[in-house]
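Inspection log for the structure reproduced underneath, given as structure tokens.
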Amino acid sequence: SPRPDILLKDGDVINIGENILKVIHTPGHTIGSICLYTDGNIFTGDTLFVGSVGRTDLPGGSIKQLLKSIHEKIYSLPGNATVWPGHDYGPLPHSTVEHEKKTNPFTSQL
């Protein structure tokens, strides 16, 4: 795969017009996985899905690290923050941090 033009780090900020996206490093799915947080919305990519989590069988993947990332980085956000996963595998395209904390069967493993 092509090399990135810019390497993003935890805490970096991306400005897109008037929108400010905060980079949150969430290793586990892959070692370089990130989520983007802005204005009460967390774009979780392949880290956290509605009712599920990303796969960890890829190079650098780790279920232990994935669950740690979710609990420490995503579940520490406001409960009413909307979770927008990178894939829509369930009946709903989005959720909230609080709903996932309470109902996601995969994140209760830690």
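The values are calculated or read from the model by the stated rules, or taken from the named source; none is laboratory data. The structure presented is a predicted model; accordingly, all values stated were derived computationally and were not measured. Here the Cβ positions follow ideal geometry from the backbone for every residue, glycine too, while neighbour counts run over all protein chains shown.
For the reader, a short list of remarks on this structure follows.
- Top-ranked residue in the stretch 27-68 [being among the charged types (D, E, K, R) and closer than 16 Å to Glu100 by Cβ; ranked as surrounded by the most Cβ atoms within 10 Å (Cβ to Cβ)]: Asp46
- Selection from the stretch 65-108 of residues that are touching a residue at least 40 places away in the same chain (Cβ under 8 Å) and among the β-branched types (Val, Ile, Thr): Ile70, Ile74, Thr82, Val83, Val97, Thr103, Thr107
- All conditions in (1) among the small types (Gly, Ala, Ser); (2) out of contact with any helix residue (DSSP H, G or I) (no Cβ under 7 Å at 6 or more places or on another chain); (3) under 20 Å from Pro4 (Cβ atoms) hold for Gly54, with the sole exception of (2).
- For beta carbons closer than 8 Å, sequence separation of 6+ or different chains, a first residue in the stretch 27-45 that is more than 14 Å from Thr82 (Cβ to Cβ) and a second that is among the hydrophobic types (A, V, I, L, M, F, W, C) and modelled with pLDDT under 95, the qualifying pairs are His29/Leu58; Thr30/Leu58.
- Qualifying positions in the stretch 1-26 - part of a loop (DSSP other than H, G, I, E, B), of a type in the set (Lys, Arg) and modelled with pLDDT of 95 or more: Lys9
- Of everything in the stretch 54-69 that is farther than 22 Å from Gly90 by Cα and of a type in the set (Gly, Ala, Ser), the residue that is modelled with the lowest pLDDT is Gly60.
- Residue among Thr56, Thr26, Thr44, Thr82 that is more than 22 Å from Val13 (Cα to Cα) and of a type in the set (S, T, N, Q): Thr56
- Members of the stretch 94-110 that are part of a loop (DSSP other than H, G, I, E, B) and loosely packed, with under 12 Cβ neighbours inside 10 Å: Pro105
- Close contacts from the stretch 1-25, counting a first residue that is within 17 Å of Gly60 (Cα to Cα) and a second that is of a type in the set (Val, Ile, Thr) and loosely packed, with under 10 Cβ neighbours inside 10 Å, with Cβ to Cβ under 8 Å and a gap of 6+ residues or different chains, come to none at all.
- Exactly one residue out of Gly45, Gly86 is small (Gly, Ala, Ser) and farther than 19 Å from Leu7 by Cα: that is Gly86.
- Ile20 vs. criteria surrounded by fewer than 16 Cβ atoms within 10 Å (Cβ to Cβ) and aliphatic (A, V, I, L, M): yes
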